[in-house]
1. What angle, in degrees between 0 and 90 and rounded to the nearest 10, separates the Cα long axis of helix 65-77 from the longest principal axis of the Cα atoms of the chain?
2. Top mean-square fluctuation among 268, 21, 135, Gaussian network model of the chain, C-alpha springs under 10 Å?
3. Which ordering of 316, 226 is given by a fewest-first count of other beta-carbon atoms within 10 Å?
4. 222 nm [θ] for the chain, helices only, -39500 (n - 2.57) per DSSP H run of 4+, per residue, to 500?
5. For the range 207-341, what size does the Cα cloud have along each of its three principal axes, sorted from largest down, in whole Å?
6. Given springs between every Cα pair under 10 Å in a Gaussian network model of the chain, which of 163, 320, 49 has the largest fluctuation?
7. Picking from 301, 142, 85, which is most flexible by a Gaussian network model of the chain using Cα springs under 10 Å?
8. Using a 7 Å offset from Cα along Cα-Cβ at residue 60, what residues in the range 103-122 end up with backbone N under 19 Å from the label point?
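Quick note: the coordinates plus some simple rules give every number you see, no bench work behind them. Since the model is a prediction, treat every value here as computed from it, not as a measurement. Using ideal geometry, Cβ is built from the backbone for each residue, glycine included, and neighbour counts are taken over all protein chains shown.
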Ligand SMILES: C[S@@+](CC[C@H](N)C(=O)[O-])C[C@H]1O[C@@H](n2cnc3c(N)ncnc32)[C@H](O)[C@@H]1O
């Protein structure tokens, strides 16, 4: 029997849709919520290297027995926890959620849990176009614990996914690099390791320094503000490279125009601007990772957005630099390098 014979009225739509796939997408929040909850209540840290029964877990965490058993059951279903008789233990993937694991993703889970709650406000962001959280400078100053964990998560994300920058940027040996809004110094650290003789200085708000000292103490740090002329650097100071990594998506077009102009003004003759960014195609639907990242920028930052190669190229040319074609790595983040003649 065809769809039409079944009285569907629109055979094309009925034959194309897969309700199971849609429902499965819709309910995938449960996995994120259980992992976020586990990290928030401290379960992976408790069980790491130390399996326990339910009473031992609730006594240590101060949690409710029924709620905790429900959490554990879900985590077993999602492959994070195993149960052997009365004992619960982490699986190898579950162990990655413990802070002490050498390849821990706990900070990333905390960051995503923060966004999980924010994404529930997406309808408001869609209706109004307005950010649904406090500005970053406010968070860094008034909620440093959460903001520092956020910077630690970015450093962990760079460890997992940021290894492509040195190849994409293709820096020559030697030279001095200023990493504007460099946070924990993650990308500078990768570049210094890959490029002989490169010296990197991270410029960021003063509140970011503690995380840089903790994660990459080998790097130099200067306090500076992207909103200030020359980001607060003195007249006459020149850099061989200025890196702007994951900054443009936090700002509206006019601010980016200014940021790139200030960055260009810091370059020595022959110096290069390196933009490492989630660049979206002209149709604004690909790469897929960038398309799904765009809503997060709208919800997180006033004027946050993802930009095309042409838009970034226009700001670069207006600043008097010559952009090379975009270098796209295997991940969603790409490099646009531009030279000062
Ligand atoms: C999305 S993070 C990018 C961090 C790093 N560049 C990376 O690629 O992982 C944005 C960075 O910009 C910094 N930032 C935000 N506002 C700033 C400002 N007004 N002046 C200087 N840095 C700022 C933040 O502290 C944070 O380190």
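1. 70
2. For the chain, modelled as a Gaussian network with Cα springs under 10 Å, the answer is 21.
3. Least crowded to most crowded, the residues run 226, 316.
4. Result for the chain: -13500 deg cm²/dmol, rounded to the nearest 500.
5. 41, 37, 28
6. Ranking 163, 320, 49 by mean-square fluctuation puts 49 first.
7. 85
8. So the set is 103-107.
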